Amino acid sequence: MAKRPASFICQICGAAHTRWQGKCESCGAWNSIAEEATASDAVPATLRGGRRGRLIALESLAGTSEDAPRVRVGISEFDRVAGGGLVPGSVLLIGGDPGIGKSTLLIQASAALAEAGHRVIYVSGEEAVAQVRLRAERLGLSGAPVELAAETNVEDIVATLAEGRRPVLVVIDSIQTMWTDAVESAPGTVTQVRSSAQTLIRYAKRAGAAVILVGHVTKDGQIAGPRVVEHMVDAVLSFEGDGAHHFRILRAQKNRFGPTDEIGVFEMTGLGLAEVANPSELFLSNRDRGAPGTAVYAGMEGTRPVLVELQALVVPTSLGTPRRAVVGWDPARLSMVLAVLEARCGVKLGAHDVHLNVAGGFRITEPAADLAVAAALVSSLSGAVLPPDSVYFGEISLTGAVRPVPHSVARLKEAAKLGFVRAVAPAAKAAAKEPPETPLPVETVGSLGDIVASIAARGPRRPAREREQGYQEG
Ligand code: TYD
Ligand code: MG
């Protein structure tokens, strides 16, 4: 038989190429292509041969399938993101930077489930049993009846799982360390990761156990290798945060059994991850109330309102092309707000550097933050301090109009709960017959020009020394 040619597989996106090349044409990554045995080697002989297909029964949509009961882990921030708990037979991929706390989160989840009387198996391919034990001890979870193994061979793992009582949860930490006998490629290659994941997914569906796969993420935010696994699993969660802050956010990117806009907020403490039930308090804890350029944005993450502080710094540029630096928001969206400010309100920012930061390292994805961003920018440029007891939200259109955004009542309620006394927002949609009772007085703005005028009218902040001496202006 002729020798099967090797293929060259991109280790990031999994695209196959006929020869080695420096750049993957499919995903644009450099130096990501490695030689591997062809994937068709992994196909069982029965499929390669001319076997006649077995007849399968076709069913109707309306049939009675019992609704899979979800198993609550007992960590409510986790359960909410998972869509209300783990679905038996489903496979979840949790991605995140190394060191972000994935193993910590999962050992805590495993312990919580095991303590509730469920069988939980935790397989670590990265750490020895002693290391996992040491961490559990530090977290005060040594007493939980979690069954541990340090193993990387998928066939051995699946054989072990098939023994004894069916587990409710199996954690595989991480999928990159797993390898299967079925393919010849080295562990960690796309082919290995894909085949290992396939085997584990097949196990999950057959046995009805929930399987959580851990996947490490590369610098550009893609789950390395396991990106090819994303479409195979039922849910993809990402665990985010940065080294400078203690809080971590669990976000659903794909979920076949739940919404994808929920977040779970945790704080990394000396005793593991603690749930943060009220994230707004955390994000607003270190506010500088008297400084120009800050505005509090009343945002929504899924079904939950989250208040965060936006900080803008607008300074004359010393460069030919002014800088636009954004942390925590979409840079394209900032460019749009700047263009609208310039074109519709005459606010000239072409000779200024603009820095925008979402306090606490939070990341905002909603366009509803437009109005708060514009307010922070104008406040920084004019030196006028915004009222510290106001929140802002609203979407800005290219015409300069401020558009209503969904869930305004939930946003206002959260702001009222945290002691804010006023909101600056667009008028609610005219469709509502009676204006709903608002928990906070709303100063409605119809256009961006309104808010620019009202901030400019506040005038720049007087230097602190003058205020202390009680100088009167004019
Ligand atoms: P880990 O769960 O090992 O991260 P991952 O599995 O995503 O690579 O978390 C490691 C980090 O978490 C490590 O830098 C130390 C920190 N940490 C704490 O701050 N407190 C704790 O109680 C634990 C267990 C870890
Ligand atoms: Mg880990």
Out of curiosity, is Leu141 surrounded by 13 or more Cβ atoms within 10 Å (Cβ to Cβ) and away from ligand 1 (no atom under 15 Å from the Cβ)? no
Which ranges mark the strands (runs of 3 or more DSSP E) fully within the stretch 363-474 that have 3 or more residues being at pLDDT 90 or above and open to solvent by less than 20 Å² (accessible area, probe 1.4 Å)? 390-392, 422-425
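Pick from Arg166, Arg202, Arg119: which is modelled with pLDDT of 90 or more and farther than 23 Å from Ile75 by Cβ?
Exactly one of Arg166, Arg202, Arg119 is modelled with pLDDT of 90 or more and farther than 23 Å from Ile75 by Cβ, namely Arg202.
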Just wondering, is there one or more residues in the stretch 274-297 that are under 14 Å from the mean Cα position of the chain (by Cα) and over 30 Å from Arg133 (Cβ atoms)? no
Within the stretch 125-138, residues being open to solvent by less than 20 Å² (accessible area, probe 1.4 Å) and not small (Gly, Ala, Ser) number 1
Somewhere in the stretch 337-356, is a residue of a type outside the set (S, T, N, Q), on the phi > 0 side of the Ramachandran plot and surrounded by fewer than 17 Cβ atoms within 10 Å (Cβ to Cβ)? yes
In the stretch 177-195, what count of residues is obtained for those that are assigned to a helix (DSSP H, G or I) and within 25 Å of the chain's Cα centre (by Cα)? 4
Candidates Thr303, Thr269, Thr321 - the one that is modelled with pLDDT under 85, loosely packed, with under 15 Cβ neighbours inside 10 Å and either within 16 Å of ligand 1 (Cβ to nearest atom) or of a type in the set (Ser, Thr, Tyr) (or both): Thr303
Boolean, Ser185 is within 15 Å of ligand 1 (Cβ to nearest atom), among the hydroxyl-bearing types (Ser, Thr, Tyr) and either open to solvent by 40 Å² or more (accessible area, probe 1.4 Å) or in contact with a strand residue (DSSP E or B) (Cβ under 6 Å, 6 or more places away or on another chain) (or both): no
Are any residues in the stretch 94-124 more than 8 Å from ligand 1 (Cβ to nearest atom) and open to solvent by 20 Å² or more (accessible area, probe 1.4 Å), and if so, which ones? Gln108, Ala112, Glu115, Ala116, Gly117, His118, Arg119
Return the only residue of Val211, Val146, Val171 being within 16 Å of ligand 2 (Cβ to nearest atom), of a type in the set (Val, Ile, Thr) and under 23 Å from the mean Cα position of the chain (by Cα). Val171
Check off (1) without any contact (Cβ under 8 Å) to a residue 40 or more places away in the chain; (2) open to solvent by 50 Å² or more (accessible area, probe 1.4 Å); (3) within 16 Å of ligand 2 (Cβ to nearest atom); (4) farther than 29 Å from Ala34 by Cα for Glu163 and give me the number that stays unchecked. (3)
Could you please tell me which pairs satisfy a Cβ distance under 7 Å, a separation of 6+ or placement on different chains, a first residue in the stretch 307-326 that is over 20 Å from Pro292 (Cα atoms), and a second residue that is surrounded by fewer than 15 Cβ atoms within 10 Å (Cβ to Cβ)? Pro322/Gly350; Pro322/Ala351
Name the single residue that is nearest to Thr399 (Cα to Cα) among those in the stretch 340-362 being in contact (Cβ under 8 Å) with a residue 24 or more places away in the chain, small (Gly, Ala, Ser) and outside any helix (DSSP H, G or I). Gly350
Members of the stretch 57-82 that are open to solvent by less than 20 Å² (accessible area, probe 1.4 Å) and of a type in the set (Gly, Ala, Ser): Ala82
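The values are calculated or read from the model by the stated rules, or taken from the named source; none is laboratory data. Quantities reported herein were computed from a predicted structural model and do not represent experimental measurements. Neighbour counts run over all protein chains shown; Cβ positions are idealised from the backbone, glycine included. Just the protein is used for accessible areas: all its heavy atoms, side chains included, with ligands, DNA and RNA removed. Shrake-Rupley method; radii C 1.70, N 1.55, O 1.52, S 1.80 Å.
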